[in-house]
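Report on the following structure.
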Amino acid sequence: MEIIDTFFNVEVLLRTYPLMLKGLWITIKLGVVSIIAGLALGLVLALIRLYAAPPVQLLARIYIDVFRSLPLLVLLIIVYYALPFVGISMSSFWSAMVALTLVSGAYTAEIFRAGIQAIPKGQFEASQALGLGYRHMMVDVILPQAVKIVIPPLTNNSINVVKDTALASVVAMPDLLKQATQAQALAANPSPLILAAAIYVTILWPLVAAVSRMERRIGAGER
Amino acid sequence: MDGFVSIRNLQKFYGEFRALKGINLDIAEGEVICIVGPSGSGKSTLIRCINRLESFEDTSEIVVDGIPVMPGKSLAKVRAEVGMVFQSFNLFPHLTVRRNVMLAPSRVRGLSTTEATDRANFLLERVGISEQADKYPEHLSGGQQQRVAIARALAMEPRVMLFDEPTSALDPEMVGEVLDVMKDLAGTGVTMIVVTHEMGFARQVADRVIFMDGGEVIETGKPDEIFSNPKEPRTQNFLSAVLNH
Ligand SMILES: Nc1ncnc2c1ncn2[C@@H]1O[C@H](COP(=O)(O)OP(=O)(O)OP(=O)(O)O)[C@@H](O)[C@H]1O
Ligand SMILES: [Mg+2]
């Protein structure tokens, strides 16, 4: 009974869950906005990395490698605490969004690149031989096929982005984790932390399961 | 520049390796050319230069219907006039058969959906695939896929059609149906340049046969001359090897 009162204290949970829901909403908003912006950034980076003039390609490569090596927490702290020194200051939400997008963009760029490179050369040649311009070739032929290949790894990346939103609590953003730690302090009881963990798992488990399913299907050679 | 397709001093390097050693060729409008020769002789490279899927030396020159095959605006024009059929079909797997045929006319020629649909239906009928128009390519046999690929190229109303071993990837029982479509096409006045190992087809349909070896044109002539009475020893060797096997 001790354990239940400590970790699953119903009275504490009832008292704190409105706060937690607010935090959840912010977590979801931050996750979705960063995922979408990261996808757009990643697609642009991938196209540059593959098709731009060589010096520009190199810049994209450097960007991608740097932002994949930089710990997200370090980047987040730089954006939130260091950029104000050069006159750029953003709310904790936008700082977190920028940091998440910059990193997610680097990962999605590599995912898109691998997806595009997995399209057989013959598809490019057939498009060119038909007289399709670059834009139509990409939009009508290559990307629709690449998207199928990249959906599982992109979903994986999106899961990571949502998980990483929790880091934003260190720059005082009232996300799910932050609300949970505050509720815990207020109530002098850790039940809200357990609830927060349960909520993360509840949101992300279906996505994790979906990726496994897709990967199993691809492994089985179906389409 | 005498030909409808005119090739002057065509040289192609892969790094140090000289794949085409200065080819000169004039092809008249409506002519049907078959290119034969051993593996690695440069047949694919030659026809892929005509729509510039392969780049070539600046000192070389190719002109199609008066349009120089050079990077930039004129290349788009050339590619709109030159259709190509590949050994491996290269259909777009995410589009239905009909959409495969409709794509380029709507995007490049600006046809409306109705016009593009009509054109696709007409061409699929012509190559005998109208029943499969709503299927995806993977559900078609190889021979059917290649006929769709021909329809897809024809949908751009090309003046020149390039074929790179269109029947080499097919099961033997499907070769005939594709060759039949090509024979019909040869009667329509479109200029055809066909790389092939089908000597029977070359003999029956070609106006002129070109024998290549080692990146050069060794001999060219009417099918009868080349097949019955080849002059060059290399042509003789190749033909006796191919025809007797
Ligand atoms: N991308 C490439 N890089 C390097 N060498 C190449 C490349 N493509 C072709 N070659 C070489 O150029 C030569 C001509 O090749 P090509 O494909 O034109 O021959 P082919 O006559 O079409 O032969 P096949 O009957 O086997 O198709 C060959 O020696 C080949 O190895
Ligand atoms: Mg070849």
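The values are calculated or read from the model by the stated rules, or taken from the named source; none is laboratory data. Not measured: the values here are computed from a predicted model. As a convention, Cβ positions derive from the backbone with ideal geometry for all residues, glycine included, and neighbour counts pool all protein chains shown. With ligands, DNA and RNA removed, areas are computed over all heavy atoms of the protein, side chains included. Shrake-Rupley method; radii C 1.70, N 1.55, O 1.52, S 1.80 Å.
Residue pairs whose Cβ atoms lie under 8 Å apart, sitting 6 or more positions apart in sequence or on different chains, and linking a residue in the stretch B:42-53 that is open to solvent by 20 Å² or more (accessible area, probe 1.4 Å) to a partner that is near ligand 2 (Cβ under 8 Å from one of its atoms) and part of a loop (DSSP other than H, G, I, E, B), are B:S44/B:E165.
For the stretch B:133-150, filtered to residues that are away from chain A (no Cβ under 12 Å) and over 24 Å from B:R109 (Cβ atoms), the residue that is most open to solvent (accessible area, probe 1.4 Å) is B:K135.
Restricting attention to the stretch B:1-12, the residues that are within 15 Å of ligand 1 (Cβ to nearest atom) and either surrounded by fewer than 13 Cβ atoms within 10 Å (Cβ to Cβ) or farther than 11 Å from B:E57 by Cβ (or both) total 1. Any residue that is outside any helix (DSSP H, G or I), within 22 Å of B:E165 (Cβ to Cβ) and not β-branched (V, I, T) - is there at least one of those in the stretch B:99-117? Within the stretch B:99-117, none of the residues are outside any helix (DSSP H, G or I), within 22 Å of B:E165 (Cβ to Cβ) and not β-branched (V, I, T).
For the stretch B:1-86, please list each of the strands (runs of 3 or more DSSP E) lying entirely inside it that holds at least 2 residues being within 16 Å of ligand 2 (Cβ to nearest atom) and within 27 Å of A:R135 (Cα to Cα).
In the stretch B:1-86, B:82-85 are the strands (runs of 3 or more DSSP E) which contain 2 or more residues that are within 16 Å of ligand 2 (Cβ to nearest atom) and within 27 Å of A:R135 (Cα to Cα).
The set of residues in the stretch B:57-89 that are open to solvent by 20 Å² or more (accessible area, probe 1.4 Å) and within 16 Å of ligand 1 (Cβ to nearest atom) comprises B:E57, B:Q87, B:S88, B:F89. For the stretch A:48-92, filtering for residues that are touching a Pro at 6+ places or on another chain (Cβ under 9 Å) and open to solvent by less than 50 Å² (accessible area, probe 1.4 Å) leaves 1.
In the set (1) at the interface with chain B (Cβ under 10 Å from one of its Cβ atoms); (2) over 27 Å from the mean Cα position of the chain (by Cα), A:V141 fails one condition alone, (2).
Being more than 30 Å from B:L111 (Cα to Cα), within 16 Å of ligand 1 (Cβ to nearest atom) and open to solvent by 40 Å² or more (accessible area, probe 1.4 Å) is a property that B:T220 has. Between B:A153, B:A80, B:A104, the distinction of being within 19 Å of the chain's Cα centre (by Cα), within 11 Å of chain A (Cβ to nearest Cβ) and within 18 Å of B:K183 (Cα to Cα) belongs to B:A153 only. Of all the numbered requirements in (1) within 30 Å of A:S169 (Cβ to Cβ); (2) free of Cβ contacts under 8 Å to residues at least 60 places away in the same chain, A:I26 misses one, and that requirement is (2).
Scanning the stretch B:187-217 for residues that are small (G, A, S), crowded, with 20+ Cβ neighbours inside 10 Å and part of a helix (DSSP H, G or I) yields one hit, B:A202. Among the residues of this structure, B:L162 does not count as one that is among the hydrophobic types (A, V, I, L, M, F, W, C), within 14 Å of another protein chain (Cβ to nearest Cβ) and over 30 Å from B:M199 (Cβ atoms). Taking the stretch A:82-102 as the range and being of a type outside the set (G, A, S) and in contact (Cβ under 8 Å) with a residue 60 or more places away in the chain as the test, the residues that pass are A:F93, A:M97, A:L100, A:T101, A:L102.
Only residues that are open to solvent by less than 100 Å² (accessible area, probe 1.4 Å) and either within 20 Å of the chain's Cα centre (by Cα) or at pLDDT below 85 (or both) were counted across the stretch A:11-41, and they come to 20. Residues considered: B:F56, B:F4, B:F92, B:F86. Of these, the only one that is within 12 Å of another protein chain (Cβ to nearest Cβ) and in contact with a strand residue (DSSP E or B) (Cβ under 7 Å, 6 or more places away or on another chain) is B:F86. Of the residues making up the stretch B:17-50, those that are of a type outside the set (A, V, I, L, M, F, W, C) and more than 8 Å from ligand 1 (Cβ to nearest atom) are B:R18, B:K21, B:G22, B:N24, B:D26, B:E29, B:G30, B:E31. Counting residues in the stretch A:97-119 that are touching a helix residue (DSSP H, G or I) at 6+ places or on another chain (Cβ under 9 Å) and not in a helix (DSSP H, G or I) gives one or more. For A:S127, the test of being among the small types (G, A, S), away from chain B (no Cβ under 14 Å) and open to solvent by less than 30 Å² (accessible area, probe 1.4 Å) is failed. Taken together, the residues in the stretch B:151-177 that are more than 16 Å from ligand 1 (Cβ to nearest atom) and open to solvent by 40 Å² or more (accessible area, probe 1.4 Å) amount to 6.
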